[in-house]
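**Student:** Quick one: this structure, given as structure tokens, is what I'll be asking you about.
Please treat every number below as a calculation from the coordinates, not as lab data. For clarity, every value in this text was computed on a predicted model and none was experimentally measured. No Cβ is skipped: glycine too gets one built from the backbone with ideal geometry, and neighbour counts run over all protein chains shown.
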Amino acid sequence: MKTLVLGLGNPILTDDGVGVRVAEAVRQALPPEAPVEVSEAGLGGLTLMERLLGYERVILIDALQVPQPQPGRIRHLTLADVEASAPTQHVTSAHDTSLVTALTVGRRMGLPLPRQLVICAIEVENTVDFSDQPTAAVAAAIPRAAATVLKMLTEMEEEPHDFT
């Protein structure tokens, strides 16, 4: 089964780069022969949806901003969780659409989108200051988040049900 682990974020915006850093840790932990592609990206919306084409299983890793964060807390989310928490699925430009909306459009178009998709989200505190180093709490969560992603890969192998 074609599998993608994709770390999202900007590695020079303090905690925003946590997804990229976790993906790097996952890549280092996987054996070279693992049938998993691990990559990093700083994109969203329709461009992110296009990046997922052709994969049957995807784990997205990203920073999560919430009103009262517990920096470093790791959360396992589904698309239903994201859809329920998103204030709106409509924006002023199709290029800025949410992941949920982009995937809905892609499915309606019959594109080969993942059957299983889960999100490993790490609560963050600072995504606006320029720094190539995350805050201490988020940095401490990177090894734990990588272990979580590796466990998610195992669970996806064992549980063939849809995660979307």
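**Student:** Give the order of Glu40, Glu33 when sorted by the count of other beta carbons within 10 angstrom, beginning with the fewest.
**Tutor:** Glu33, Glu40
**Student:** Which value at 222 nm does the chain reach when only helices count, each DSSP H run of 4 or more adding -39,500 (n - 2.57), with the total divided by all residues and rounded to the nearest 500 deg cm²/dmol?
**Tutor:** It lands at -11000 deg cm²/dmol.
**Student:** Take Ala84, project a point 7 Å from its Cα along the Cβ direction, then tell me which residues of region 100-124 have their backbone nitrogen under 15 Å from it.
**Tutor:** 119
**Student:** Considering only DSSP states other than H, G, I, E and B, which trypsin sites (Lys or Arg not before Pro) in region 1-50 qualify as loop sites with at most 16 other Cβ atoms within 10 Å?
**Tutor:** Lys2
**Student:** How big is the antiparallel share of DSSP beta bridges in the chain, given as a percent to the nearest 5?
**Tutor:** 15 percent
**Student:** Using DSSP H assignments, which helices in the chain have an axial alpha-carbon span of 15 Å or above and a mean Kyte-Doolittle hydropathy of -1.0 or higher?
**Tutor:** Answer set is 18-29, 136-158.
**Student:** What share of all Cα pairs of region 3-158, in percent, falls into each consecutive 5 Å distance bin?
**Tutor:** 2, 10, 19, 22, 21, 15, 8, 2, 0
**Student:** Let me ask another. Region 121-137 to region 30-56: how many Å between their Cα centroids?
**Tutor:** Between the Cα centre of region 121-137 and that of region 30-56, the gap is 23 Å.
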